[in-house]
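What follows is calculated from the coordinates using simple rules that are stated; it is not laboratory data. It should be emphasised that the depicted structure is a prediction, and the values quoted were computed from it without experimental measurement. Cβ coordinates were reconstructed from backbone atoms using ideal geometry, including for glycine residues, and neighbour counts include every protein chain displayed.
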Amino acid sequence: MFEAYVTNPGLYPELGAEVGEYLRFPTTAEEVQALFARIGIDGKRYDEYFITNYESDVLGLYDCLDEYAGLDELNYLAHLLEGMNENEIEKFEAAIALGNHTDGAGDLINLAQNLDCFDFYPGIEDEEGLGRYFAEEMQLIDIPEHIRGYFDYEAYGRDIDLNGIGGFVPGGYLCESGEPFIEYYTGREAIPTEYRIAGPSAWNEKEETRSILETIKQFKEAPPVPCKDKAGLSHEER
């Protein structure tokens, strides 16, 4: 499915070089611990890992994954992708190309579980092809036989594209099916136990930093209501 280059950031100041290895997903806890041992993450002197690169045979996946992803999260995503058939992978790649729900591993986990929210029409490259497919294959419009040679399939396809939610992507045309998009994945606590492979001895420094920064941002945007003396009434109590 894909690989992540996992490094030991603690060794960089000492050696002046990146120390790491590619980890292929899906993986196991044993494989992760073996990799940690090879790159010096022992949970004592060195307990941080950092992801610096990805390789994937799923089109577009590389551009959506970042250094903030945790190993458990990546493993969960990989298991979801592994369970897809060829048509589902093709639709998943098309949805990535459309650009919605692609901001990191968490978004991709939800996208992988919501493929029924999209309809994918492979091989359609332009508005004329779109109009012809909807008219002739799906028979969404009744065109009398004697005027089919004069029918403007391109204009019909343009109208479909303008009035729908979707677009042309590499390999075909993707549009929303009307099914509600459900956020099944809301955080790492939602990862099934069998897919958790990192263990408690190592943590992602960048992931932790982002979590702290997001908390600060939330505090600034919606600060807690300050405590009031019991003797006075708050604005809401007046």
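Observations, loosely collected:
- Net charge of the neighbourhood of Asp119, taken over other residues with C-beta under 10 Å away and scored Lys/Arg +1, Asp/Glu -1, is -2.
- Karplus 3J(HN,Hα) series, Hz, for the stretch 3-13 with 6.51 cos²θ - 1.76 cosθ + 1.60 (x for Gly, Pro): 10, 10, 8, 9, 10, 9, x, x, 8, 4, x
- Euclidean distance of C-alpha centroids, the stretch 75-153 and the stretch 32-66, integer Å: 32 Å
- For the stretch 172-185, the Karplus equation 6.51 cos²θ - 1.76 cosθ + 1.60, evaluated at θ = phi - 60°, returns couplings of x, 10, 10, 9, 6, 8, x, 5, x, 7, 10, 7, 6, 9 Hz by residue, with Gly and Pro reported as x.
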